[in-house]
1. Rounded to whole Å, give me the distance from the Cα center of region 72-102 to that of region 113-153.
2. Mind checking which of Asn101, Ser112, Gly45 is farthest towards the positive end of region 24-162's charge dipole, using Cβ charges of +1 (Lys, Arg) and -1 (Asp, Glu) about the Cα centre?
3. Taking neighbour Cβ counts within 10 Å as the exposure measure, how do Asp67, Asp149 sort from fewest upward?
4. Give the order of Ser80, Ser112 when sorted by the count of other beta carbons within 10 angstrom, beginning with the fewest.
5. If you scale each eigenvalue of the Cα gyration tensor by 5 and take the root, what three semi-axes come out for region 32-160, rounded to whole angstrom and sorted largest first?
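Rule-based calculations on the coordinates, nothing more; no lab input. These numbers come from a predicted model, not from an experiment. When we count neighbours, we look across all protein chains shown, and the Cβ atoms used for this are built from the backbone with ideal geometry, even at glycine.
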Amino acid sequence: MTYRIQGEGVNPTNGERSGRLSPFSQVTHKGEEMKILVSTEQTQGKRKNDFCFVPEHEPVKFGFECDREAVDGHCGCKRSLVGMYNHKATTTFRVIETPINHDHLSNMIFESLKDSGWVTEKNRVQMGIEAIDQAKEINRIAETFRDGDVLERRGNKIQVRT
Ligand SMILES: [Zn+2]
């Protein structure tokens, strides 16, 4: 699954940010730092159907979704991400720079899938690939925004909370 990025993204080829955030447009790459997404309470309540059951700063990943759920449906799975450790959901999450690398992030996701009972002897390899793909996708999204940006998810769109 590839998520669409809405709003003031950073152009990955030249690092330029479009639109009104230009004073802060330079994306700094400090070698081993990479961006990931973590849970935050910031901006909770801006939408009436917000929820955050994940502790602040816990890394989040994409969860499994119901087929017929609407973005603002009762379940909430199409507008939230899931805490890697507590396996609960949040509608608000933040971009942070961290010293972890892709392998580490992939492992965290794999362990999280394992913890929540998705990994079996038969699908182990497939779930490993899923974890690597998700790590790439999370990082791709996070790198498009600034360190500290609070984001939300609307189905397959990810955008800055305003
Ligand atoms: Zn659902």
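1. For region 72-102 versus region 113-153, the Cα centre distance is 10 Å.
2. Result: Gly45, furthest along the dipole toward the positive end.
3. Exposure proxy ranking, most exposed first: Asp67, Asp149.
4. Fewest-to-most ranking of Ser80, Ser112: Ser112, Ser80.
5. 22, 19, 12
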